[in-house]
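These notes concern the structure reproduced below.
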Amino acid sequence: MLEEHDRRRSLEHARHHLPRAASEVEAAQRFLNPTSSSDEEKALVRAVVDARTLLGDALETIRARAS
């Protein structure tokens, strides 16, 4: 029973924090130029896009498991 409570509490905690993380990633994306010729900036753009995808997947997983 305690394990289930801890799992639900962890999911709820993540559910509250992930949208903020998604918002921060979105804000960071505004500072990047996806058409830049800089290899470093291209790598950052890819990392931000990947982060947005992973955050979305995490939120979907939490919604599915919380119900």
Worksheet item: Counting just the residues of the range 53-67 that are loosely packed, with under 15 Cβ neighbours inside 10 Å and over 9 Å from the mean Cα position of the chain (by Cα), which one comes out farthest from Leu18 (Cα to Cα)?
Response: Ser67
Discussion item. Can you confirm whether Asp50 is under 24 Å from Glu4 (Cβ atoms) and at pLDDT 90 or above?
Written reply: no
Worksheet entry | Subset of the range 1-52 [surrounded by 10 or more Cβ atoms within 10 Å (Cβ to Cβ) and β-branched (Val, Ile, Thr)] | Val25, Val45, Val48, Val49
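The values are calculated or read from the model by the stated rules, or taken from the named source; none is laboratory data. Remember, predicted model here, so these are calculated numbers, not experimental data. FYI the Cβ positions are ideal-geometry reconstructions off the backbone, even for glycines, and counts take in every protein chain you see.
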